[in-house]
Amino acid sequence: MSFVTSSNDFTASLFGTLYGSLQKMHSTPRMAPPEPVQEHPQDEKKQQGRDQRQAEAGQRSSEQQNVEKAVKSRSELNGSEKRNLDDLKQRDREVRTHEQAHMSAGGAHVQGGPSYSFETGPDGRQYAVGGNVSIDVSKVPGNPEATEEKARTVRKAAMAPANPSAQDLKVAAKATQLAQEARLEMQKEKQAEREEAEEEQQAIKAERQSTSAAEDEATPSARTRRATQAYQAASSPIETPTPGSAFSTAI
């Protein structure tokens, strides 16, 4: 009897527990499942940009590693390679000094920086073996004086290095020709100005002469007026002077 009673109590207790759990489940609000996050097109572009930059950085890192592997120290070179390396280093210094001289003397007429051609040395590094600097050698439109000044600067820039190259000499010759043409143009302009001034002076002189002739025709000259006055005085009757007055006659 006691066994049955305890079994019923256990069943009632278990049922109450389950019933309470069900009530809690029904009373507790259910959480909606998270919605999938949609990436904005702008975010996708940013991510693509980051991926591209990472890829480029990885490529540069790989290239840098390859360069470092290719570079050798001087102690790893043999005698012939060392001599070749010394020659390349000296050539590199000469080329850079040469082009820098052009740059410094050319001033505003230099177009951009120097351009170099390189050669890989036995140590794996790049050395300049040739170079050039672009410089403007055109005329200044409508201004021969500025053209001549520009030509002098260009020639100075071409001859600036200690050992001008054949191309440098050609540029210097072209600048000299440009200066001569500018001076010739200035001489022509001055001659034209002188001729114009002379023509203007002649025109003024001719106008003055024409004006003077017109005045002479319209008005009797002073000599003519004096002669007329003398004739009129001689032709007039002689008056008897009154006592105590002066007497005069025209001759």
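A few points about this structure:
- Thr224 surrounded by fewer than 10 Cβ atoms within 10 Å (Cβ to Cβ) and either farther than 30 Å from Asn143 by Cβ or at pLDDT 65 or above (or both): no
- Spans of helices (runs of 4 or more DSSP H) in the stretch 1-110 with at least 2 residues exposed (fewer than 11 other Cβ atoms within 10 Å of the Cβ) and modelled with pLDDT of 70 or more: 41-70, 79-106
- Residues of the stretch 137-146 that are surrounded by 13 or more Cβ atoms within 10 Å (Cβ to Cβ) and either within 12 Å of His109 (Cα to Cα) or in contact with a strand residue (DSSP E or B) (Cβ under 8 Å, 6 or more places away or on another chain) (or both): Val137, Lys139, Val140.
- As for the stretch 142-157, it holds no residue that is of a type in the set (A, V, I, L, M, F, W, C) and more than 25 Å from Glu185 (Cβ to Cβ).
- One residue alone among Ala234, Ala162 is over 18 Å from Ala108 (Cα atoms), among the small types (Gly, Ala, Ser), in a loop (DSSP other than H, G, I, E, B) and at pLDDT below 95, and that residue is Ala162.
- Residue match in the stretch 128-145 (condition: part of a helix (DSSP H, G or I), modelled with pLDDT of 95 or more, closer than 27 Å to Arg83 by Cβ and assigned by TED's automatic domain parsing to the domain that holds Arg83): no
The values are calculated or read from the model by the stated rules, or taken from the named source; none is laboratory data. Because the structure is predicted, anything quoted here is derived from the model rather than measured. Using ideal geometry, Cβ is built from the backbone for each residue, glycine included, and neighbour counts are taken over all protein chains shown.
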